[in-house]
Amino acid sequence: MSKLTKISVLLAVFFGLDKIVALVRQVIIARQFGLSAELDAFNVANNLPDLLYAMISGGALAIALIPVLSEAMSKDGRKALWDLFSRIANIAFVATAILSILIALFAPNLVGWRLGIAPGFGPEQRLTVVNLMRLNLIATLIFSISGLAMAGLQANQHFLFPAMSPILYNVGQIIGALFLAPVWGVYGLVFGVIFGALLHLLIQVPALIKYRFSWIPSFGWNDYYVRKVLKLMGPRVISIFLVQLVFIVRDNLASHLAQGAVSALSYGWMIQQLPETLIGTAIGTALLPTLSEMVSAKEDFKFADTLEKAFKVLVVITIPVAVIAGLGLRPFIDTVFGLPAEQTDLLLWVTRGYLVGLMGHCLLETAARAFYARQNAIFPMLGAVLNLLIYISLGNYLFQIMGAPGVSLTDSIAFTIQSVV
């Protein structure tokens with residue numbers, strides 16, 4: 001097995017464990033709350049904190065940062081890598097703190113506005129969303145550092161502890177669901193999220209020590225590598241913002257449907273994410289540092305050959321997996337979630353709508369990273385613009401005639417078109 005294959009297998013194993021633990025978490029929550037208005041509020045409240053995390057540390061900076069970290073280490077050594085990491089982490093934390101304060105202050109307007117995240121909810125449910133969102137922002141601050149720590153370790157070709165972090169994040173949420181939710185209701189779930197975020201960060205500390213991480217109190221605005229990361233990050237932030245807007249549009253549409261639609265879409269997305277993570281995310285994550293090194297070494301033929309093989313593997317695996325999963329879903333949903341028949345049917349068709357786009361999502365995981373490895377963030381940004389335009393126009397039509405399954409089908413169509421383009 002090649003080094004790349006071994007890394008992909010390692011990531012697939014841990015991503016698989018993460019998804020199993022996440023499924024256990026969701027089952028515990030589903031059996032406590034069902035597809036209820038309270039759970040709808042919890043799921044909606046995650047949107048803006050998730051957007052903030054994804055725009056800064058989790059998506060924009062992490063993927064923009066890895067190629068430049070690899071370049072810094074190959075040219076100037078590990079100290080240059082950690083100096084760059086420290087400066088970017090400082091910038092990310094301060095930016096996240098400022099934006100978190102603004103979101104907390106304007107939360108009622110962001111929730112209830114007609115173009116906001118849940119205009120279809122009643123006043124009491126919107127107030128619950130506001131309170132939960134403000135608590136969620138504490139976890140977002142923790143993730144602003146933890147997400148970058150994952151990128152720093154991956155740039156050092158260390159994948160084990162970053163792969164373990166999401167598992168511990170889910171463990172923290174399970175603790176919240178089992179022990180805190182019975183006391184504080186849905187607020188106990190948020191306290192579990194905060195605890196899970198702390199575990200997500202702490203598990204990476206031993207690896208940071210092993211690779212001689214050292215923090216410097218500097219922003220380094222004039223540093224060559226910092227400017228390069230920020231330049232690459234600009235289009236990536238826009239791309240992530242557009243992708244996260246898709247989730248806000250999704251919940252905006254679902255808030256006008258019957259109770260449980262938001263939670264059904266969240267659960268269906270989670271089920272589709274299991275094969276996507278095991279296949280698409282594992283391969284894409286393993287590829288990014290390797291592709292970045294090939295670009296630095298100007299090995300264009302190897303770059304293209306590696307991508308072609310990855311695409312072939314993704315197509316061959318994802319199509320049968322989507323078909324088999326879609327056909328065998330009902331017994332799984334019946335056994336695991338224990339929902340009433342009507343809610344089971346809703347979740348079944350919502351998930352099938354998502355599975356139509358499994359191949360597109362998995363191809364996009366690798367295709368987008370191929371551009372970032374070449375430090376080209378413009379084309380993925382244009383793809384995200386296309387995705388959002390399709391999602392808004394098609395979603396507004398399909399949700400009216402198909403309900404929640406129309407929203408999940410819209411997701412599949414939009415992301416598949418983006419991946420092909």
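The values are calculated or read from the model by the stated rules, or taken from the named source; none is laboratory data. Just so you know, these numbers come straight off a predicted model, no measurement behind them. For neighbour counting, all protein chains shown are included, and Cβ atoms are generated from backbone atoms with ideal geometry for every residue, glycine included.
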The residue that is modelled with the highest pLDDT, considering only those in the range 113-128 that are in contact with a Gly (Cβ under 9 Å, 6 or more places away or on another chain) and crowded, with 21+ Cβ neighbours inside 10 Å, is Arg126
Looking across the range 191-245 at residues that are farther than 17 Å from Ala72 by Cα and among the charged types (D, E, K, R), the single one that is nearest to the chain's Cα centre (by Cα) is Arg236
Scanning the range 94-108 residue by residue, those surrounded by 17 or more Cβ atoms within 10 Å (Cβ to Cβ) and either farther than 20 Å from Val129 by Cα or of a type in the set (Ser, Thr, Tyr) (or both) turn out to be Thr96, Ser100
Expected single match for at pLDDT below 85 and over 23 Å from Asn43 (Cβ atoms) among Leu307, Leu314, Leu288 is Leu288
Selection from the range 326-339 of residues surrounded by 12 or more Cβ atoms within 10 Å (Cβ to Cβ) and of a type outside the set (Asp, Glu) yields Gly326, Leu329, Arg330, Phe332, Ile333, Val336, Phe337, Gly338, Leu339
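Inside the range 118-200, counting only helices (runs of 4 or more DSSP H) that do not spill past its ends, which hold 1 or more residues that are free of Cβ contacts under 8 Å to residues at least 12 places away in the same chain and under 28 Å from Pro108 (Cα atoms)?
123-155, 181-184
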Considering the range 66-112, residues that are of a type in the set (Ser, Thr, Tyr) and modelled with pLDDT under 90, and then whichever is farthest from the chain's Cα centre (by Cα), we arrive at Ser74
The condition of being touching a helix residue (DSSP H, G or I) at 6+ places or on another chain (Cβ under 6 Å) and farther than 25 Å from Ala64 by Cα holds, among Thr416, Thr366, Thr344, only for Thr344
If you go through Leu364, Leu382, the only one that is within 19 Å of Gln244 (Cβ to Cβ) and without any contact (Cβ under 8 Å) to a residue 24 or more places away in the chain is Leu382
Worksheet item: If we scan the range 313-325, do we find a residue that is within 25 Å of the chain's Cα centre (by Cα), outside any helix (DSSP H, G or I) and surrounded by 14 or more Cβ atoms within 10 Å (Cβ to Cβ)?
Response: no
- Within the range 361-380, is even one residue among the polar types (S, T, N, Q), on the phi > 0 side of the Ramachandran plot, outside any helix (DSSP H, G or I) and over 17 Å from the mean Cα position of the chain (by Cα)? yes
Flagged in the range 91-120 as of a type outside the set (A, V, I, L, M, F, W, C) and in contact with a Pro (Cβ under 7 Å, 6 or more places away or on another chain), in numbering order, are Gly112
Q: Return yes or no: is Gly152 surrounded by 19 or more Cβ atoms within 10 Å (Cβ to Cβ) and within 19 Å of the chain's Cα centre (by Cα)?
A: yes
Is at least one residue of the range 204-225 in contact with a Phe, Trp or Tyr (Cβ under 8 Å, 6 or more places away or on another chain) and among the basic types (Lys, Arg)? yes
Residue pairs within 6 Å by beta carbon, gap of at least six or interchain, first lying in the range 293-307 and surrounded by 14 or more Cβ atoms within 10 Å (Cβ to Cβ), second part of a loop (DSSP other than H, G, I, E, B), listed first then second, are Val295/Arg374
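Taking the condition of being within 21 Å of the chain's Cα centre (by Cα), under 20 Å from Ala261 (Cβ atoms) and buried (at least 18 other Cβ atoms within 10 Å of the Cβ), how many residues in the range 385-394 meet it?
Count: 1.
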The number of residues in the range 407-421 that are crowded, with 22+ Cβ neighbours inside 10 Å and out of contact with any His (no Cβ under 8 Å at 6 or more places or on another chain) is 7
Gln157 being touching an Asp or Glu at 6+ places or on another chain (Cβ under 8 Å) and surrounded by fewer than 23 Cβ atoms within 10 Å (Cβ to Cβ)
no
